[in-house]
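The values are calculated or read from the model by the stated rules, or taken from the named source; none is laboratory data. Please read all numbers here as calculations on a predicted model, not as lab measurements. A quick note on method: Cβ atoms are made from the backbone with ideal geometry, for glycine too, and the neighbour counts reach across all protein chains shown. Calculation scope for accessible area: heavy atoms of the full protein, side chains included, ligands and nucleic acids excluded. Shrake-Rupley method; radii C 1.70, N 1.55, O 1.52, S 1.80 Å.
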Amino acid sequence: MPLDFYYLPGSAPCRAVLLAAKAVGVELNCKMLDLMKGEHLTPEFLKINPQHTIPTLDDNGFALWESRAIMTYLISKSGKDDSLYPSDPKTRAMIDQRLYFDLGTLYARFGEYFYPVMFAGASFDPEKLSKLQDALKFFDIFLEGHDFAVGNSLTVADLSLAATVSTIDVMEVDLAPYKNVQRWFEKVKATAPGYEEANGKNVLIFKQWADALVKK
C-alpha cells in the first residue's frame, strides 16, 4: 500500500525524500500542499503533524516529519540490504554526521543567505554568502580521497546532500572552486536511482518559484 507523502516538489527536503523512496523502490502517494494557501494549517493536516511542516510521511497512521528522519526510516524499513545506511557503527556515525552537517550547516546557510531575499525582499548579504561558501569548502574537504560523502558507495547522506547542492547550484552559486563537490555531484546524478524524476526536474520548479518571488 502506498504511503501518504505530503510535500512540495520544489522543496529540497521533499526532493531528498523522493530520492530515498526511489532508491529503495517505495511507492509514495504524493499529496501536494500549497503553503501559500495555508493547506498545511488545516485541522486534518494538524492531526497528522501538529508542527505543520513538510515533508511529512503517513505510514498507515505512523506519522513522521523531518526529511532525514523520513529517509532513514524508509531505507531501514524497505531497503533490500543496508548499503544505503550501513549498520556498521562507525560508518553509520559518519553518515549521520554528514546528514547533520547538511541540516545544520550547508542547507541552513543556504537558507540564511537566500530565503530572506526570496520571502522578505531583502538584499543578498555578502557575509551570508561567505558563510555558505565556507560550508561548501568544508564539504569539499570531506570528499577528498573518495567518491561519495562517506566512502566509495552511495548512501543516504549523498541523497540528502544532493538535494541541497542541486538547489545551491540552480540558484547560481558558483560551484567551480569546489572540484571535489563538482565531481561528487556528477557521480550522484549518474548513480542515484530515479535522480532526474525525483530531483533533477523538481529543482527547476524551485528555480521558477524562487525567480517569481524575487522579482516581486
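Considering every alpha-carbon pair of the chain, the percent of pairs per 10 Å bin, from zero through the bin containing the longest distance, is 8, 34, 37, 18, 3. The charge dipole of the stretch 63-216, taken about its Cα centre with unit charges on the Cβ of Lys, Arg, Asp and Glu (plus for the first two, minus for the last two), comes to roughly 180 debye. Distance between the 7 Å Cα→Cβ label points at residue 77 and residue 189: 3.2 nm. Annotation: per residue accessible area for the chain equals 49 Å², rounded to a whole number [probe 1.4 Å, protein chains only].
Per-residue SASA remark: residue 75, around 10 Å² accessible (1.4 Å probe; ligands, DNA and RNA not included). With the cut-off at 31 Å, tell me which of the pairs 80/179; 77/201; 47/131; 31/137; 31/189 have Cα atoms farther apart than that. Where the Cα-Cα span goes over 31 Å, the pairs concerned are 80/179; 47/131; 31/137. The residues neighbouring residue 135, those whose beta-carbon lies less than 12 Å from its own, together hold a net charge of 0 under the Lys/Arg +1, Asp/Glu -1 convention. Per residue, the convex hull spanned by the Cα atoms of the stretch 78-132 amounts to 92 cubic angstrom. Each principal axis of the stretch 106-164 carries a Cα extent, and these read 42, 19, 10 Å when sorted largest first. Using the Cβ-Cβ distance between residue 119 and residue 91 with R0 = 45 Å, the FRET efficiency computed as 1/(1 + (r/R0)^6) comes to roughly 0.75. Helices meeting the span-like rule in the chain (full DSSP H runs, Cα extent of at least 15 Å along the helix axis, mean Kyte-Doolittle score of 1.0 or higher): 12-24, 156-170.
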